[in-house]
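Take a look at the structure set out below.
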Amino acid sequence: MDKQLFKEAMRHLAATVNVISTDGDAGRNGITATAVTSLSDTPPSLLVSVNKNGEFHDQVLKNKKFSVHILREDMSEISNCFAGYKGLQGEEKFQLGAWEISEESRVLEHALANIECELQEAYDGYTHSIFIGNIISIKNTENQNDKPLLYSQGQYTTVQS
């Protein structure tokens with residue numbers, strides 16, 4: 001299979017943009033990801049796909065927890081930061097945006113939702129690991145009219161009303 005052909009086809013999959021973060025003894029870090037989906041409501045759980053190349057992957061495995069922050073349509077700068085386009089590394093990335101960080105939670109203020117997970121399983125997905133997280137807490141936005149930041153065709157977009 002031609003890799004470029006595959007990438008071009010995947011650009012048609014519009015997806016919600018998320019920041020995935022981890023915090024613990026292995027350090028605080030985060031990435032931007034669209035490969036996030038609900039897995040089950042019993043128990044409430046999520047699936048995230050994380051590239052094995054990079055510090056973040058190993059930090060999640062060691063910290064045994066991660067959080068998913070669903071970005072609002074006006075949060076492209078935060079997405080770019082956690083995608084590595086601002087030159088910040090590891091904990092430095094949390095300088096952008098309003099973060100409420102404590103022992104119990106990592107909350108990106110104004111995100112559509114902040115979902116805290118305990119890592120249950122990690123599966124091999126070739127270049128990525130598929131992390132299954134059991135949800136331990138959720139904080140949803142108070143404004144139900146907010147729209148998600150989406151990524152499609154190599155650019156940010158959102159849903160139309």
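The values are calculated or read from the model by the stated rules, or taken from the named source; none is laboratory data. Just so we're clear, the structure is a prediction, and the values are computed from it rather than from any experiment. Heads up, the Cβs are rebuilt from the backbone with ideal geometry, glycines too, and the neighbour counts pull from every protein chain shown.
Here are the numbers for this structure:
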| quantity | calculated |
| --- | --- |
| Residue selected from the range 22-38 under the condition over 19 Å from L112 (Cβ atoms) and touching a residue at least 40 places away in the same chain (Cβ under 8 Å), by the criterion surrounded by the most Cβ atoms within 10 Å (Cβ to Cβ) | T22 |
| Number of the condition not met by E92 [criteria: (1) at pLDDT below 95; (2) out of contact with any Lys or Arg (no Cβ under 8 Å at 6 or more places or on another chain)] | (1) |
| Leading residue by the ranking (farthest from K93 (Cα to Cα)) among those in the range 104-129 that are of a type in the set (V, I, T) and surrounded by 16 or more Cβ atoms within 10 Å (Cβ to Cβ) | I115 |
| The range 106-132, residues that are under 12 Å from the mean Cα position of the chain (by Cα) and not in a loop (DSSP other than H, G, I, E, B) | L108, A113, N114, I115, E116, C117, F131 |
| Which listed residue is in contact with a strand residue (DSSP E or B) (Cβ under 6 Å, 6 or more places away or on another chain) and closer than 24 Å to R11 by Cα, from Y151, Y156, Y85 | Y151 |
| Considering residues of the range 133-161 that are in contact (Cβ under 8 Å) with a residue 40 or more places away in the chain and part of a loop (DSSP other than H, G, I, E, B) only, the residue nearest to G54 (Cα to Cα) | G154 |
| Close pairs from the range 1-21: first closer than 20 Å to S76 by Cβ, partner in a helix (DSSP H, G or I) and of a type outside the set (A, V, I, L, M, F, W, C), Cβ under 6 Å, at least 6 apart | V17/S79 |
